[in-house]
Amino acid sequence: MIDLHLHLDGSLPPKLILKLAEMEGVSLPAQDAEGLIPYLTAPRDCQSLNEYLEKFDLPVSCMQSRETIAAAAEGMIQELSAEGLLYAELRFAPQQHTKKGLNQRQVIQAAVEGMEEACSRTGFQAGLILCCMRGEENLEENLETVRLASEFLGHGVCAVDLAGAEAVFPTRNFGRLFSLARELSVPYTIHAGEADGPESIRAALSFGARRLGHGVRCVEDPRLVEQLKKEQITLEVCVISNLQTKAVPAGTIHPILKLLREGLRVTVNTDNMTVSGTTVAGEFAYLKSLGMTNEEKRRCLYNSAEAAFLPEEKKEALKREIDRRL
């Protein structure tokens, strides 16, 4: 199993939140892991992406020191290793963790240290994707994120991303970030085609994106679907999350299998293990109930290996392990 689209703050298990809150001195709305679930997990009848994003407030508040950020990254790797994953790319926004005096460099250093400590102990493979955040007054913070990604590239960090309220802050407004990323040779993926439609995806493609976070609203434009197929753009699909945020309209069948069968480069991911109450295994189990075959599962996992921000030899090693496990 591989997870290319996993938000660190949205995937921390409640038991780890309890530990981080104690370290950070944060008051919690419940004092046990089970009691925290309603505050960390979006309901299946969630009405929008913005409502879904509210569930990030609590975990982010518990990750404002070097110690808690490192512990969060370390604990997440332990969870993923225990789940039996082969590889994961954890993404988070460093600028969201500077509310108590840390700067972005210190935040990234802490996350890298925690991740690498757990990886060395478990043998797990992982990389960090640094998210820029959609907004109107944080351009300098976003540019700093890209510059720091260049500095840490190959030392824990593997790429940058653009996340946040897509429908409120259109993708087309953020070209400068990806111009800088190209200038600095920083790989990137872009959230597009989740809360906003085909125009968001077209903007991301115009910036040179070869991977799209979600991208499922491409189905609204058949010509765009053909373009994604022709150019073999990777879609980081997160089925359960898409159903919760209404990226896929309520009462309709998720289009992932249709896109896969039409030849698009689809991958299966969790988005947020805790906010969505899911795992990679759970995502594939749901897709099996929709008719996904074992060979289609293999193709999705191969797509993930090929799209990973990894050297070619490591991608090939992932494919061999996929074959061994399936």
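The values are calculated or read from the model by the stated rules, or taken from the named source; none is laboratory data. All values reported here derive from a predicted model rather than from experimental measurement. Neighbour counts are summed over all protein chains in view; Cβ atoms, including those assigned to glycine, are modelled from backbone coordinates with ideal geometry. Please note that ligands, DNA and RNA were not included when accessible areas were found on the heavy atoms of the full protein model with its side chains. Shrake-Rupley method; radii C 1.70, N 1.55, O 1.52, S 1.80 Å.
Of the residues E306, E312, which single one is in contact with a helix residue (DSSP H, G or I) (Cβ under 9 Å, 6 or more places away or on another chain), among the acidic types (D, E), closer than 19 Å to R211 by Cβ and surrounded by fewer than 22 Cβ atoms within 10 Å (Cβ to Cβ)? Don't jump to the end; show me each part of the working.
On the way: E312 fails: in contact with a helix residue (DSSP H, G or I) (Cβ under 9 Å, 6 or more places away or on another chain).
That would be E306, the only listed residue that is in contact with a helix residue (DSSP H, G or I) (Cβ under 9 Å, 6 or more places away or on another chain), among the acidic types (D, E), closer than 19 Å to R211 by Cβ and surrounded by fewer than 22 Cβ atoms within 10 Å (Cβ to Cβ).
Quick check: is even one residue across the range 27-34 within 19 Å of H191 (Cβ to Cβ), modelled with pLDDT under 95 and open to solvent by less than 40 Å² (accessible area, probe 1.4 Å)?
Step one: of the range 27-34, the residues within 19 Å of H191 (Cβ to Cβ) are none.
Scanning the range 27-34, I find no residue that is within 19 Å of H191 (Cβ to Cβ), modelled with pLDDT under 95 and open to solvent by less than 40 Å² (accessible area, probe 1.4 Å), so the answer is no.
Among the candidates E283, E321, which residue alone is crowded, with 20+ Cβ neighbours inside 10 Å, touching a residue at least 40 places away in the same chain (Cβ under 8 Å) and closer than 17 Å to L4 by Cβ?
Working: E321 fails: crowded, with 20+ Cβ neighbours inside 10 Å.
Answer to the selection: E283.
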Inset, instruction - Go through the residues of the range 131-143 one by one and say whether even a single one is open to solvent by less than 40 Å² (accessible area, probe 1.4 Å), part of a helix (DSSP H, G or I) and touching a residue at least 40 places away in the same chain (Cβ under 8 Å). - result: yes
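Among the listed residues I69, I77, I108, I2, identify the single one that is surrounded by 24 or more Cβ atoms within 10 Å (Cβ to Cβ) and farther than 30 Å from V266 by Cα. Talk me through it step by step, then tell me what you get.
Numbers: I77 fails: farther than 30 Å from V266 by Cα; I108 fails: farther than 30 Å from V266 by Cα; I2 fails: farther than 30 Å from V266 by Cα.
Among I69, I77, I108, I2, only I69 is surrounded by 24 or more Cβ atoms within 10 Å (Cβ to Cβ) and farther than 30 Å from V266 by Cα.
Among the strands (runs of 3 or more DSSP E) contained in the range 201-296, which hold 1 or more residues that are in contact with an Asp or Glu (Cβ under 9 Å, 6 or more places away or on another chain) and of a type in the set (S, T, Y)?
Of the strands (runs of 3 or more DSSP E) lying wholly inside the range 201-296, those with at least 1 residues that are in contact with an Asp or Glu (Cβ under 9 Å, 6 or more places away or on another chain) and of a type in the set (S, T, Y) span 234-237, 265-268.
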